[in-house]
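Data first, discussion second: the structure below is written as structure tokens.
The values are calculated or read from the model by the stated rules, or taken from the named source; none is laboratory data. Keep in mind that what you see is a predicted model, and the values were worked out from it rather than measured. Reconstructed Cβ throughout: ideal geometry from the backbone, glycine too, with neighbour counts over all protein chains shown. Just the protein is used for accessible areas: all its heavy atoms, side chains included, with ligands, DNA and RNA removed. Shrake-Rupley method; radii C 1.70, N 1.55, O 1.52, S 1.80 Å.
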Amino acid sequence: MGTPVHFTEIGVAPGRFAGYRAVLASRMRSQRSYRSNFITDLSSSAVVGLIELAEVWLLFHQVTVLGGLTFRQVLLVFGVADLCFSIADLFVGHCDNLPTYIRAGTLDVFYLRPQPLLLQLMTSDISLRRLTRAGIGLASLVIGLSINEIHWSTSTVLLLALTLVCATAIFAAMFVWAAGVQFFLIQGAEFTNAFVYGGRYAATQTAAVWSTPLKVLFGFVFPMALTAYLPALRLLGLPGPAGLPNWLAWCTPLAVLWIWAFALGMWRLGVRHYQGGGG
Amino acid sequence: MSHGTLPVYWRLFVAGFQQQTAYPLAMFGGLVANLTFGFLKVAMLFATVRAAGASVQGYTVGTMSAYIWLSQGMLGSINLNGRIDLADRIKTGDVAVDFLRPVNVQLATVATEAGKAVFALIPRAVPSVAIGSLAVGMTMPRTPAPYLLGAVSLLAGIVISFSTVYLVAVVGFWLIETRGIQIFYMVVSGFFAGLFVPISLFPSWLLAIAQATPFPSMMMYPVDVLTARTTGAAAYGLVGVQFAWLGATLLVGHLLTVVGRRKLEVQGG
Amino acid sequence: MSDAVIETDCLTRKFAVRGKGRKVVTRTTMCAVDNLQLRVSPGESVGYIGANGAGKSTTIKMLVGILVPTSGTVRTCGLDPHRQRRQLAARVGVVFGQRSQLWWDLPVRESFEILAAIHRLPAADASARTAELTEQLELGDFVATPVRQLSLGQRMRAEVAAALLHRPRLVILDEPTIGLDVLSKQRLREFLVTERLSHGTTLLLTTHDMGDIERLCERVLVVDHGSTVYDGSLNGLAQTAGSDRILVLDFVEATTDLTGIPHTKHLGSEVGGARQRLSFDSENTTAAMVLAAVGERAELRDLTIEEPDIEDVVRRIYQARR
């Protein structure tokens, strides 16, 4: 047997992220290459965003103040929540497809590559169609920021930037823990949808109207109120409702730590279950 | 229709009903989703009623609750995503095999799907309504009439959703890709069916658009009849509108099936 | 530890099987792999055969770290497949006949480029290796074609190239020739023989095709109910399983049944005796001797020799044990 020549011994190996980049770039190219499909997807995703906004607007069409906020003010909540959810959905929303990946054997193929499984899953696809929906969220946010009286300072700018980053991270973690739970559930995706998509719905709401169980569930367990509602209150200089003081708006990094710890724990449990032959 | 064909569709309906019993976990997941969304809607819509001064467009807290839990409960039985197995069978050409069977493809499809949908009422609608009414209370009619007419209206709503989705599928005889229409259906159906907000809260122009589609007949009208929000002649009027949509969608579906089948046989799909 | 490419010790994998009775849900344990002892040295070529459900896929999944053993140990390329999966991935190439590692909507070439980036191969080497594999596996005609438009034979060749791109020391092939036509099988086998010769690659393959074993494997393992029932050379397998070959003889005219030829058994006659089937024991006689004896009785027009198929061999081994 001769000495096999290994690639890494000659020349410079590509960087650590080259593999992920190559997959993502190919996904983007292939989505844009089906032109008519892509246009359909872009427009339907814009309509989804508009309908979600209409849902909120219809209620304010009946009353001027709901849960202590006017429609102008709630635009800020809706804008942050929908923008960040759409971005998370764009990057990791396909984690929803884990049951399909398992059935098609795609997950087994991930095992044959020298990269962490979860990172491979997260970077295995990207949904550019969500861009338009993120655009609706961004527009709402920009309008919300300009028509409300906000006392701009370094700390408000910092808060806004921190919120956008943390809220996106929180929504992404929601997709990840849901994927971990999919290893155990067969045909039970609706169970996790209740919290992932229910969480998005909750995040666009004024949490002041919530009952105590909802405040526990979507205020702390899945920290949806921290993604948009509380930061918006802080920006507007409004006090929080009982149980949700507005200084919690600065605690989003803690919420990120908690929800990602939960997500990674669920993912590990799921993978262990799969390797244990339950998959 | 010759003597004895009706039992065939009844049996397909029952078969669809029985198929669903195999997925208890899926049903449980659906129920959890109904309850989560239900309680979030309770929070928002109750607050809206209260902010408007105890009543908004005729909805009190009690009737709003009835609307929320009935519509959440029906969610597992009304097709609001536009997807149906038949669409794939048309795309792959497998539908040619279906045409060889001595049953009407349209009626068989609708009957099977409706059977599945009616089954879903048991694990999803009943617990949703029960848990909702125990947790937050709801105002329901005290006379039997709305329930009797409501049952007819509910069944009609379920069938209309499938006879309409059937139309989305058979367009596949002419279009290579029906995905765009299916996605469009999915995006607008829930909104116009009154899933997110009752359509009577819509401004008049938006209400007019909604009423020009079959979607309110799938969910909003059955809920209005069942909760006695609409009573008497007006209730019969809503059921009449539903049957008009049912007849129209079935007729158009039948014509498209006949022409599509001919195209399939002449051009080989 | 030694330098074995694969080494298992008492490797066992059990599954809980949930049976659904009329009323009760029963839970039983099924042993898919039972105390497997396996050692494969560098450069060996091993055929891994057994009936469906004998534990082949489960073993492969444990070898590459997809499944964790219930008990016992497994080391692949000197690594613990579960704990060191990512290092192992650089040393092993796997072809699953049923699951694709290519991107179905991309041209074959682009899948190779992505895989090269994933394995972090330097550009020059990646393109040299791709060129080598493209030539040897004759992929040239369709490297620019999206995978979903390939025939099964083309796709399998592309899959093999994808699995070998990073020059793995160990190549595991799970049913690589299933569903392929004769020519595609032939090409694939020839390629694998060349690849082994030039790179010293270790080969482990599961198959239902005796031809794969005969042309590719020096060593054969037969598994039944998760444990090894035969481990040895192909010739030895023939001896254990019996080595009957079947001759199908076509005569110019109807012939009386050919009974009584030494070391043969008359299996049947068709078309009034114009076609007859004889089995012969290749340990004690040869096809030539049988034909000479036949030729004395009637005039031959045509003949074919049927190879025993793998299911027969496996079945006979199973029967011999029981």
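So the values come out like this:
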| quantity | calculated |
| --- | --- |
| Average Cα contact separation per residue, chain A, under 8 Å, 6 or more apart, as relative contact order % | 24 |
| Residue of B:Gly172, B:Gly237, B:Gly73 that the Gaussian network model of chain B assigns the largest fluctuation, springs spanning Cα pairs under 10 Å | B:Gly237 |
| Helix A:189-203 axis, angle to chain A major axis (alpha carbon atoms, nearest 10°) | 40 |
| Rounded percent of accessible protein surface that carbon and sulfur make up, chain B, 1.4 Å probe | 68 |
| Trypsin sites (Lys or Arg not before Pro) lying in DSSP loop within the stretch C:20-93, provided at most 16 other Cβ fall within 10 Å | C:Arg22, C:Lys23, C:Arg83 |
| Averaged over A:54-61, number of beta-carbon atoms from partner chains that fall within 10 Å | 5 |
| Selected from A:Met224, A:Met28, A:Met122 as most flexible by GNM, with chain A as the system and alpha-carbon contacts under 10 Å | A:Met28 |
| GNM result for chain B, Cα springs below 10 Å: residue of B:Val197, B:Val259, B:Val97 fluctuating most strongly | B:Val97 |
| Solvent-accessible surface ranking, highest first, for C:His208, A:His61, A:His151 at 1.4 angstrom | A:His151, A:His61, C:His208 |
| Accessible surface of chain C [probe 1.4 Å, protein heavy atoms]: carbon and sulfur percent | 49 |
| Normalised contact order of chain C, rounded percent, pairs of Cα under 8 Å and 6 or more residues apart | 18 |
| Cα centroid separation, the stretch B:161-240 to the stretch A:125-168 (Å) | 34 |
| Bridge type composition, the stretch C:171-259 - antiparallel percent by DSSP, nearest 5 | 60 |
| Three semi-axes of the equivalent ellipsoid, chain C, Cα gyration tensor, whole Å, largest first | 40, 28, 19 |
| Spatially proximal lysines relative to B:Lys41 (Cα-Cα < 30 Å; intrachain offsets below 8 disregarded) | A:Lys215, B:Lys116 |
| Rounded Å value of the spacing that divides the Cα centres of the stretch B:67-101 and the stretch C:234-302 | 60 |
| The stretch C:242-321: relative contact order as a whole-number percent, Cα under 8 Å and 6+ apart | 39 |
| Between A and C, accessible area buried - total, square angstrom, nearest 100, 1.4 angstrom probe | 3300 |
| With every protein chain in place, chain A: carbon and sulfur % of accessible area (1.4 Å) | 67 |
